[in-house]
1. Determine ³J(HN,Hα), in whole Hz, for all residues of the range 27-36 in sequence, where each value follows from phi through the Karplus function 6.51 cos²θ - 1.76 cosθ + 1.60 and θ = phi - 60°; x replaces Gly and Pro.
2. Residue-wise, which Karplus ³J(HN,Hα) couplings in Hz belong to the range 121-126, taking 6.51 cos²θ - 1.76 cosθ + 1.60, θ = phi - 60°, and x for glycine or proline?
3. Report the FRET efficiency, 1/(1 + (r/R0)^6), for R130 and R293, where r is their Cβ-Cβ distance and R0 is 30 Å, rounded to 0.05.
4. Looking at L201, H43, A326, which one has the Cα that reaches farthest to the positive end of the dipole of the chain (charges on Cβ: Lys, Arg +1; Asp, Glu -1)?
5. Can you give me the C-alpha center-to-center distance between the range 155-204 and the range 317-375, rounded to a whole angstrom?
6. Hey, in the GNM for the chain with a 10 angstrom Cα cutoff, which one of A284, A261, A77 fluctuates hardest?
7. Just to check, using Stokes-Einstein with a Kirkwood Rh over alpha carbon pairs, what's the diffusion coefficient of the chain at 37 °C and 0.692 mPa s in µm²/s?
8. Running a GNM on the chain with Cα contacts under 10 Å, which residue among G300, G359, G11 ends up with the highest mean-square fluctuation?
Amino acid sequence: MRIETLAIHAGRSIEPASGGVSASLHLATTFERAEDGSYPKGHIYSRESQPNRADLERCLAALEGGASAAAFASGSAATSTLLQALAPGDHVIAPDDVFYGTRQLLSETFGAWGLESSFVDLSDLAAVERALRPTTRLVWLETPSNPLLGIADVSAVAAIAERAKSRGALTLVDNTWATPVLQRPLELGADLVLHSTTKYLGGHCDVLGGALVAREENPLFARVRRLQASAGAGASAFDSWLVLRGIRTLPARMRLHCENAARLATFLEAHAGVEKVFFPGLPAHPGHEVAKRQMSAWGGMLSFVVPGGRARAFEVAAKVKVFTRATSLGGVESLIEHRASVEGAHTRAPEGLLRVSVGLEHPDDLIEDLDRALR
Ligand SMILES: *Cc1c(COP(=O)(O)O)cnc(C)c1O
């Protein structure tokens, strides 16, 4: 089935007690054992597994074309659970423009615990090759990246990691920005996919969540599963229910996000008050050709730089009426954010950069709003 159909039907069943066409919310923390001591419905205690999370996990695995998925309380909980499943002394290669929260977890939290990481420019394949060590267990990609919309070639990086696979190296793609609607990492050669479902999958800025999807069962993912059950970072019943509800409209929403973002990028690129636009759909973007090969559309995120640095960027952001000044992305409402002041010391964002999560409003209203603010 196509993704539009999977998004609506995967992980769905008619509610046996009522005949309801959508799942009920199951708040029970504990589940009855049969007389012979077995668990007839497969659940024991909700930290380990529960029905709404199980529905969501079946849906996520189907959407990414994976064998198995694990849903977490946030994208960062998914990241930390995966890193906990590694061992002290193991080595991770990550992009030098990886999501700043991931960078913090890798270098501070897990660095102190003995995990080693190298941050490299993933568009430099020779640098990725040089960074490989006998202890490399994970090559992490994030494409498009934040906030410069950098594009990494998933197949090319996965092919390099493949050579180290006999020593246990797996490739992971953080597919939060592209979503499985626009980009299929497991088909491009990756072993694992990570999501912050807080973003496009949830889609309404009202639920925090994360997920890992594995192409096939492997020892690392088995440890992730055990940690999900034992360490307690699994997604709650209500959060799972909300994310699954968001996913039902994901393919339809993505189509409109992409259409609106492309309109806005073209408008901004031609605007006299804008110095530079970062959007992979623009032919001048350095990742344009790779993005064309591995994505079915350009996504709903873009960044632009205004001349005049931080002061001017704040001035523009202060004047918008339709956009909301806020962090995060992937909701139905358009958001605008000055990235450098959020990311702090290690930021790669120019001071004049504003990042935009293009929502589902009418594109003319968005264009008029930005035009007014830029004037
Ligand atoms: C938001 C985000 C995360 C972290 O997810 P949370 O749900 O906020 O913990 C990780 N990666 C990317 C690309 C993100 O945008």
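Nothing in this text is a laboratory measurement; each read-out follows from the coordinates by a stated rule. Because the structure is predicted, anything quoted here is derived from the model rather than measured. All Cβ positions, even for glycine, are placed from backbone atoms using ideal geometry, and neighbour counts span all protein chains on display.
1. Each residue of the range 27-36 in turn: 8, 4, 8, 9, 10, 5, 8, 6, 4, 7 Hz.
2. Working through the residues one at a time gives 7, 6, 7, 9, 5, 5 Hz.
3. The pair R130/R293 has a calculated efficiency of 0.75.
4. H43
5. Measuring centre to centre over Cα atoms gives 27 Å.
6. A284
7. 154 µm²/s
8. Taking springs between Cα atoms under 10 Å, the residue moving most is G11.
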